[in-house]
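All remarks here apply to the structure that follows.
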Amino acid sequence: MRNLISLLSGAVFGAGLFISGMTDTSKVQGWLDIFGQWDPTLAFVLGGAIIPMFIAWRLTPGRRPLTTTLFPPQPPVRIDTRLAVGSLLFGAGWGLSGLCPGPAMASLGYGGPMHWVFFAAMLAGMLIAPYVVRLLQRPQTA
């Protein structure tokens with residue numbers, strides 16, 4: 001049952017990304033180009049993600065999920081160096097390529113070879129990131 005719900009959720013999410021234009025790199029870059037040919041239509045996509053999630057977090061306490069025992073806890077609001085650097089790197093990659101992880105996966109079937117190159121680079125970055133974090137957190141010796 002859990003796998004079926006996951007499959008359906010992923011399919012709906014991917015279809016939503018395609019329909020909303022999030023897999024169109026020029027549309028995403030147009031959204032980010034606030035001083036040029038700005039395309040504000042992705043603001044509706046942003047609102048369509050944030051508003052339901054805000055409501056869901058408010059309705060979650062006291063409820064039980066269908067496929068497990070508990071909902072995951074709401075993440076703490078902690079702004080630190082890792083969050084700031086990660087946000088900058090994510091934003092730079094999103095702006096340069098016009099893709100982020102969800103749309104990158106959703107566009108693999110029709111996006112062409114460059115989408116596969118981006119996806120491979122994204123996976124490599126995800127695999128390397130924990131090692132870089134550990135390397136940067138090591139105490140410095142003189």
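Which members of segment 21-38 meet the condition of being over 21 Å from G111 (Cα atoms) and of a type in the set (D, E, K, R)? The answer is D33, and nothing else. The single condition from (1) over 16 Å from the mean Cα position of the chain (by Cα); (2) more than 22 Å from A11 (Cα to Cα) that G112 fails is (2).
Filtering segment 1-28 down to residues that are farther than 19 Å from F119 by Cα and in contact (Cβ under 8 Å) with a residue 60 or more places away in the chain, which residue is least open to solvent (accessible area, probe 1.4 Å)? Among those that are farther than 19 Å from F119 by Cα and in contact (Cβ under 8 Å) with a residue 60 or more places away in the chain, it is I5. Checked against the criterion of being open to solvent by 70 Å² or more (accessible area, probe 1.4 Å) and over 27 Å from A129 (Cα atoms), the candidates L89, L46, L66 yield just one match: L66.
Which residue is nearest to Y110 (Cα to Cα), if the candidates are limited to segment 39-63 and must be of a type outside the set (S, T, N, Q) and in a loop (DSSP other than H, G, I, E, B)? Outline the logic, then answer.
Restricting attention to segment 39-63, the residues satisfying the condition of being of a type outside the set (S, T, N, Q) are 39-40, 42-59, 61-63.
Those still in the list that are in a loop (DSSP other than H, G, I, E, B) too: 39-40, 61-63.
Working: D39: 23, P40: 25, P61: 40, G62: 42, R63: 40 Å.
That would be D39.
Selection of segment 111-138 for residues being assigned to a loop (DSSP other than H, G, I, E, B) and either in contact with a helix residue (DSSP H, G or I) (Cβ under 9 Å, 6 or more places away or on another chain) or touching a residue at least 40 places away in the same chain (Cβ under 8 Å) (or both) yields only G111. The residues of segment 109-121 that are open to solvent by 30 Å² or more (accessible area, probe 1.4 Å) and closer than 23 Å to V45 by Cα, listed by number, are G109, Y110, F118, F119.
The values are calculated or read from the model by the stated rules, or taken from the named source; none is laboratory data. Note that this is a predicted model, so its numbers are computed, not measured. Reconstructed Cβ throughout: ideal geometry from the backbone, glycine too, with neighbour counts over all protein chains shown. Keep in mind that these areas ignore ligands, DNA and RNA; they rest on the heavy atoms of the full protein, side chains included. Shrake-Rupley method; radii C 1.70, N 1.55, O 1.52, S 1.80 Å.
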